[in-house]
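Beneath this line is the structure, given in structure tokens, with notes to follow.
The values are calculated or read from the model by the stated rules, or taken from the named source; none is laboratory data. Fair warning: this is a prediction, and the values are worked out from it, not measured in the lab. Note: ideal-geometry Cβ built from the backbone for every residue, glycine included; neighbour counts use all protein chains shown.
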Number of protein chains: 2
Amino acid sequence: MKKAVVKALVLDKVSNTPVVLLGIENTKKILPIWIGACEASVMAIAIERVPFERPLTHDLMIRIIDELSLKIERFVIHSIKDNVFYAKIVLRDLTVSEQEASEGVNPFIEIDARPSDCIILSLKTGAPLYVANEIIATEAITLEEIGESEEEFKKFVEDLDISEFKKLLNEHPEKFEDSSNEPDEPNDE
Amino acid sequence: MKKAVVKALVLDKVSNTPVVLLGIENTKKILPIWIGACEASVMAIAIERVPFERPLTHDLMIRIIDELSLKIERFVIHSIKDNVFYAKIVLRDLTVSEQEASEGVNPFIEIDARPSDCIILSLKTGAPLYVANEIIATEAITLEEIGESEEEFKKFVEDLDISEFKKLLNEHPEKFEDSSNEPDEPNDE
């Protein structure tokens with residue numbers, strides 16, 4: 001699996017649906033994930049770090065996790081079925097010592113989640129987000145034309161017509177590089 | 001404090017803001033709480049018990065709480081400041097035995113939350129929602145004209161102009177019964 005970061009949140013003008021673009025670290029690959037309007041609104045607030053007086057829903061969840069001597073270890077977008085991405089949160093139980101862990105006590109708790117919740121929680125906590133290689137291979141898009149700088153990426157996003165883009169991907173998959181042969185990030189699960 | 005249940009979710013047509021109407025148990029009092037559009041959308045799904053394939057954000061939170069040997073004991077809307085209601089979630093640590101609790105170990109964990117998250121979690125889990133007496137005294141509205149049946153309440157809500165209603169409350173507080181002298185629910189905190 002490979003680390004991913006939010007590169008942009010855009011609107012698919014045809015379906016009028018928000019799309020979050022995840023950049024796959026050390027590649028020119030982008031994974032687009034279509035999300036709900038409310039999820040996008042919460043994600044935009046997390047991206048812009050808009051301060052709120054009161055805890056929003058994900059802040060409440062983070063507060064509960066903190067209170068319970070748990071740490072978010074990572075988020076993993078691990079599979080796709082019928083065009084729906086599946087993800088999980090990996091929590092580490094901080095009450096399990098290194099000693100106990102080395103003796104076979106599993107300090108990890110895995111919880112099924114939607115990618116949008118994982119991305120929002122990752123933005124808020126800084127815990128890393130990973131994407132499985134099989135998903136990168138079949139769902140990510142390689143953008144040879146994008147330069148390395150943030151500015152070039154911003155320009156690319158402004159020019160982006162995500163629907164045309166997805167159509168192109170579906171109609172001409174051969175235009176997009178297959179990523180399945182790239183070396184893996186270490187899988188520490 | 002007194003138990004409350006969701007009676008209706010309506011739209012304040014003037015401010016175009018959703019309002020959740022909480023009925024205070026064994027009274028004819030209604031506590032209106034103005035909430036955000038996305039919170040209302042999630043609440044409506046919880047009220048109607050619309051089934052979803054994937055865990056929504058609050059389902060994820062409930063799943064985390066369950067995984068961690070915790071039980072939601074209750075939700076309490078406890079104060080108001082600058083027109084903002086403050087609430088809390090009271091969790092019980094199930095790993096603390098009755099014996100330990102009787103010996104002084106506190107099995108409760110209290111977490112600051114918004115009323116909307118508490119109401120949504122209460123709808124989804126069935127854990128009870130309470131409102132502090134001081135809030136009922138100053139913020140609830142007594143509806144002498146409402147009958148006891150669900151049907152009469154439905155008709156009342158359909159006829160309701162919540163803005164006019166709130167204006168009336170602010171301009172003529174004497175029209176609304178003060179509840180502060182009513183007997184309390186047992187406070188087991």
When the range A:75-107 is examined, which residues are found to be on the phi > 0 side of the Ramachandran plot and not small (G, A, S)?
A:D82, A:N83
Any residue in the range B:38-51 that is touching a residue at least 12 places away in the same chain (Cβ under 8 Å), assigned to a loop (DSSP other than H, G, I, E, B) and surrounded by 16 or more Cβ atoms within 10 Å (Cβ to Cβ)?
no
Tell me, please, whether a residue that is touching a residue at least 24 places away in the same chain (Cβ under 8 Å), more than 13 Å from every other protein chain (Cβ to nearest Cβ) and more than 14 Å from the chain's Cα centre (by Cα) can be found in the range A:112-128.
no
Under 8 Å by Cβ, and 6 or more places apart or on different chains, what pairs join a residue from the range A:7-24 that is farther than 20 Å from A:T142 by Cβ with one that is charged (D, E, K, R) and in a strand (DSSP E or B)?
A:P18/A:D12
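Could you tell me which of the residues B:K71, B:K2, B:K7 is in contact with a strand residue (DSSP E or B) (Cβ under 6 Å, 6 or more places away or on another chain) and closer than 14 Å to B:T125 by Cβ?
Step by step, each of B:K71, B:K2, B:K7 is checked, and only B:K71 is in contact with a strand residue (DSSP E or B) (Cβ under 6 Å, 6 or more places away or on another chain) and closer than 14 Å to B:T125 by Cβ.
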Just a yes or no: is a residue in the range A:20-39 of a type in the set (A, V, I, L, M) and under 23 Å from B:I111 (Cβ atoms)?
no
Looking at the range B:8-37 only, could you name the residues that are surrounded by fewer than 17 Cβ atoms within 10 Å (Cβ to Cβ), closer than 20 Å to B:C118 by Cα, away from chain A (no Cβ under 14 Å) and modelled with pLDDT of 90 or more?
B:E25
Can you report the number of residues in the range B:93-141 which are within 27 Å of B:T57 (Cα to Cα), of a type in the set (V, I, T) and assigned to a loop (DSSP other than H, G, I, E, B)?
1
Residues of the range A:52-89 being outside any helix (DSSP H, G or I), within 12 Å of chain B (Cβ to nearest Cβ), under 20 Å from A:E110 (Cβ atoms) and of a type in the set (A, V, I, L, M), in sequence order, are A:L68, A:L70, A:I72, A:V84, A:A87, A:I89
